[in-house]
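Undergrad: Just dropping this structure here.
Every number in this text was worked out from the coordinates using simple rules, so none of it is lab data. Since the model is a prediction, treat every value here as computed from it, not as a measurement. Please note: Cβ atoms are built from the backbone with ideal geometry, for glycine as well, and neighbour counts cover all protein chains shown.
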């Protein structure tokens, strides 16, 4: 029997060299991958796209290294039948080079899109070469086939100082709107093409809150001033719905509430204290918004215009 003897120090040196060599030969570095959170696909996260109209997407992305590109793809399902082939791809390069990004994007579903159920992919390509793919299912619907199609029909805003602002279905926003401390505000809004159950909020929101909710469920009431809210329930026919109800004789069954700019409490239930906190009054830029959600058919609308508040 042949034997090879090593001195103890030499043996340990050889063992270290063999171990190091084995690690270098057999293991590759594990690259960190992107992560994604707070994903919202469609209005109010309803996973519905209306053909020819705006589509909402929100996602918080953290890159493994830094973001290279963010993509969305819409692809037909193998098990579904469609009237024709159709797919869609969109790439955003504006997030390149950043570590964290809130991807809040709106884009139109093309007019030539084909109705049906689809795979919806959010793809994040990292500068380190790793790829994250988030998959969900959406449905594309032609507007004529929607169960309800809410439309901001009329929105009027007046004050006791004689100011009058008007928005109709063309959504042309008023400009140079100023509310000052102590003014009394009245606002009347009407949403057409609704049925079932729904709720509407009229909100004042300071611009520095960076909060423009697009559905009722998305409202953070610690950041908004509620001017008014109202609901409809169990409407079997398609109707127009608003926060003001007329009695047909020149009066009101439910008038628009009066609300003072600078009020201590808002008109929510329970009311919010407006003397402190994120929704307290300050001079500066604000948004005035309408947010409506039809809970029966899971569809929402929102609209905002800018104004200035002074005197605080």
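Undergrad: Indicate the gyration tensor shape class of the stretch 125-216 (rounded, prolate or oblate), computed on the Cα atoms with a ≥ b ≥ c the square roots of the eigenvalues: a/c under 1.5 is rounded; otherwise a/b larger than b/c is prolate and the rest oblate.
TA: In terms of gyration-tensor shape, oblate.
Undergrad: When only Cα pairs under 8 Å and 6 or more residues apart are kept, what is the percent relative contact order across the chain?
TA: 16
Undergrad: Let me ask something else. What is the P(r) of the stretch 173-294, as percent of Cα-Cα pairs per 10 Å bin from 0?
TA: Histogram of Cα-Cα distances, whole percents per bin: 12, 42, 34, 12, 1.
Undergrad: Okay, moving on. If you line up the long axis of helix 8-26 against the longest principal axis of the chain, both from Cα atoms, how many degrees apart are they, to the nearest 10?
TA: 50
Undergrad: Based solely on its DSSP helices, what 222 nm [θ] is calculated for the chain when runs of n ≥ 4 H residues each add -39,500 (n - 2.57) and the sum is averaged over all residues, nearest 500 deg cm²/dmol?
TA: Roughly -2000 deg cm²/dmol at 222 nm, from the helical runs in the chain.
Undergrad: Further question: With the contact rule set at Cα under 8 Å and sequence spacing of 6 or more, what percent relative contact order holds for the stretch 151-310?
TA: 29
Undergrad: Hey, another quick one. Please compute the modelled spin-label separation between residue 168 and residue 81, points set 7 Å along Cα→Cβ, answer in nm with one decimal.
TA: Simple spin-label model gives 4.5 nm for this pair.
Undergrad: How long is the chain along each principal axis, judged by its Cα atoms, biggest number first, in Å?
TA: So the three principal-axis extents are 117, 55, 33 Å.
Undergrad: Then there's this: Would you order 106, 303, 232 from fewest to most other beta-carbon atoms within 10 Å of each residue's own beta-carbon?
TA: Ordered by Cβ neighbours within 10 Å, fewest first: 106, 303, 232.
Undergrad: Can I ask one more? Separation between the residue 91 and residue 54 pseudo-spin-labels, each 7 Å from Cα along Cα→Cβ, expressed in nm?
TA: Taking the simple label geometry, residue 91 and residue 54 are separated by 2.7 nm.
Undergrad: Quick check: Cα centre of the stretch 184-240 to Cα centre of the stretch 69-135, how many Å?
TA: Value for the Cα centre distance between the two parts: 30 Å.
Undergrad: So, one more: Taking only the alpha carbons of the stretch 62-185, what extent do you get along each of the three principal axes, in Å, biggest first?
TA: 60, 42, 18
Undergrad: Right, another one. How do 99, 66 rank when sorted from fewest to most other Cβ atoms within 10 Å of their own Cβ?
TA: 99, 66
Undergrad: Next question, about the same structure. Once the Cβ-Cβ distance between residue 306 and residue 154 is put in as r, and R0 is 25 Å, what FRET efficiency do you end up with, to the nearest 0.05?
TA: That gives a FRET efficiency of 0.80.
Undergrad: Tell me the relative contact order for the stretch 98-222 as a rounded percent, counting alpha carbon contacts under 8 Å between residues six or more apart.
TA: In percent, rounded to a whole number, it is 18.
Undergrad: Extending each Cα 7 Å along its Cβ direction at residue 176 and residue 238, get the distance between those two points in nm, one decimal.
TA: Taking the two extended label points, one gets 4.0 nm.
Undergrad: If you average 1/r across every pair of different Cα atoms in the stretch 58-134 and take the reciprocal, what Kirkwood value do you get, in Å?
TA: After inverting the pairwise mean of 1/r, the radius is 13.7 Å.
Undergrad: List 282, 195 from most exposed to least, where exposure is judged by having the fewest other Cβ atoms within 10 Å.
TA: Fewest to most other Cβ atoms nearby, the residues stand as 282, 195.
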